[in-house]
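Participant: Please read through the structure below; I'll follow up with questions.
Every read-out reported here was derived from the displayed coordinates using simple, explicitly stated rules and does not represent laboratory data. Predicted model, so just to flag it, every value in this text is computed and none were measured. All Cβ positions, glycine included, derive from the backbone under ideal geometry; neighbour counts span all protein chains shown.
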Amino acid sequence: MTSIKYGFLKIEQLTTSSGLFIGTNIHKGRKSQTSINEGFGTIKGKQNKIRDNTAMIKKNLKRN
């Protein structure tokens, strides 16, 4: 078994898919998933206009 010893450990943030486990641990059934949906980018130039813009996101429902 691997042994890691820290003199000092500072945790700044635990997010929804993070965990802090102390001691002898067996991790079973933990899953994490993330998704980022963004717009079309940046409009550059003089007097450019965007009107009636639409976007569609198609989710891939395939599971591993």
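Participant: Restricted to Cα positions, what overall size does the range 8-61 have along the principal axes? Three whole-Å values, descending.
Facilitator: 61, 35, 11
Participant: Which FRET efficiency, nearest 0.05, do residue 9 and residue 30 yield, Cβ-Cβ r, R0 22 Å?
Facilitator: 0.60
Participant: Give, rounded to the nearest 20 debye, the magnitude of the charge dipole that the range 14-57 has about its Cα centre when Lys and Arg contribute +1 at Cβ and Asp and Glu contribute -1 at Cβ. Don't skip to the end; give the middle numbers.
Facilitator: On the way: 7 positive and 2 negative charges, 20 e Å.
That gives the range 14-57 a dipole magnitude of about 100 debye.
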